[in-house]
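The values are calculated or read from the model by the stated rules, or taken from the named source; none is laboratory data. Since the model is a prediction, treat every value here as computed from it, not as a measurement. Cβ sites come from the backbone with ideal geometry, for glycine too, and all protein chains shown count toward neighbours.
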Amino acid sequence: MDRAEIATAALARNDRYLREFVEALHLCPFAKRCREDGKLRRRVLLPQDDALASIREIEALPPESVEVALLIFPLMPTGSTNAARDFEAFGAQVRETMFAAHFSGPPFYLVAFHPDLPRDLGDAHRAVPFIRRSPDPTLQLVRASVLQEVRGNNDSERYVDPGRLTLEQMLALTVPISTSDRIAEANLESLQRGGPDQLESLLTSLRP
């Protein structure tokens, strides 16, 4: 497959993940609106591509034109827990570089998704990795100003680690912990209603 074919297939898988899993289970109330308003940007990157260069290009776009960006890596290693851990480590390095480049705070926050993240529905927060089982390794960027708008002006609120959040929690990164807990519980209830085995089968079917 050439680059165009790889990108077309990866975007088709991502479309299904967003529509049939994220939106269908209402895991993120902003996902559908962002997509329909044209404020979702997606890029498919091959191993030779520079992820940080792509992020800089996204950061240079008019702020009102993009709220969420997805960098999709269809040729990154998959098929094992180690592959997922390695990609999360890669995402952490990219995130650290992003933060270092912006002394007043980065325009986006970043979290890693991977098809081999574990399924553990023992409680709401342990269920987070299962929700982040995207068809291909993916870095999600969410505009910081969107998170700030969700947060409001309550400076006394507590904070949570963006690398441990679901899509919805990521979009509400700096809301009070009590609200974050309610979101996590609601997501777990959605997974349970959808049937974990059926949802795992769906997510498996989305993989290349």
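Every residue, every condition in (1) over 14 Å from the mean Cα position of the chain (by Cα); (2) closer than 14 Å to PHE113 by Cα, yes or no:
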residue: THR8; (1), (2): yes, no
residue: ALA12; (1), (2): yes, no
residue: VAL22; (1), (2): no, yes
residue: HIS26; (1), (2): yes, no
residue: GLU36; (1), (2): yes, no
residue: LEU40; (1), (2): no, no
residue: SER54; (1), (2): yes, no
residue: ASP86; (1), (2): yes, yes
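The residues of segment 7-38 that are surrounded by fewer than 18 Cβ atoms within 10 Å (Cβ to Cβ) and either of a type in the set (Gly, Ala, Ser) or touching a strand residue (DSSP E or B) at 6+ places or on another chain (Cβ under 7 Å) (or both), listed by number, are ALA9, LEU11, ALA12, ALA24, GLY38. Counting the residues of segment 107-150 that are under 13 Å from the mean Cα position of the chain (by Cα), surrounded by fewer than 24 Cβ atoms within 10 Å (Cβ to Cβ) and assigned to a helix (DSSP H, G or I) gives 3. Of all residue pairs spaced 6 or more apart or on separate chains, those with beta-carbon atoms under 9 Å, a first member in segment 72-95 that is closer than 17 Å to LEU203 by Cβ and a second member that is modelled with pLDDT under 95 and surrounded by 15 or more Cβ atoms within 10 Å (Cβ to Cβ) are ALA84/PRO129.
Tallying residues that are without any contact (Cβ under 8 Å) to a residue 40 or more places away in the chain and within 19 Å of ALA184 (Cα to Cα) within segment 2-23 yields 2. Among the residues making up segment 24-49, those that are assigned to a helix (DSSP H, G or I) and in contact (Cβ under 8 Å) with a residue 12 or more places away in the chain are ALA31, CYS34, ARG35.
Of VAL44, VAL66, which residue is under 26 Å from PHE21 (Cα atoms), in contact with a Lys or Arg (Cβ under 6 Å, 6 or more places away or on another chain), of a type in the set (A, V, I, L, M) and surrounded by 17 or more Cβ atoms within 10 Å (Cβ to Cβ)? Steps first, answer last, please.
Working: VAL44 fails: in contact with a Lys or Arg (Cβ under 6 Å, 6 or more places away or on another chain).
Every option except VAL66 fails the conditions.
Of the residues making up segment 4-27, those that are touching a helix residue (DSSP H, G or I) at 6+ places or on another chain (Cβ under 8 Å) and either over 20 Å from GLN198 (Cβ atoms) or among the acidic types (Asp, Glu) (or both) are GLU20, GLU23. Condition check: among the charged types (D, E, K, R) and touching a His at 6+ places or on another chain (Cβ under 9 Å). Does GLU59 satisfy that? Taking the combined requirement at face value, the residue satisfies it.
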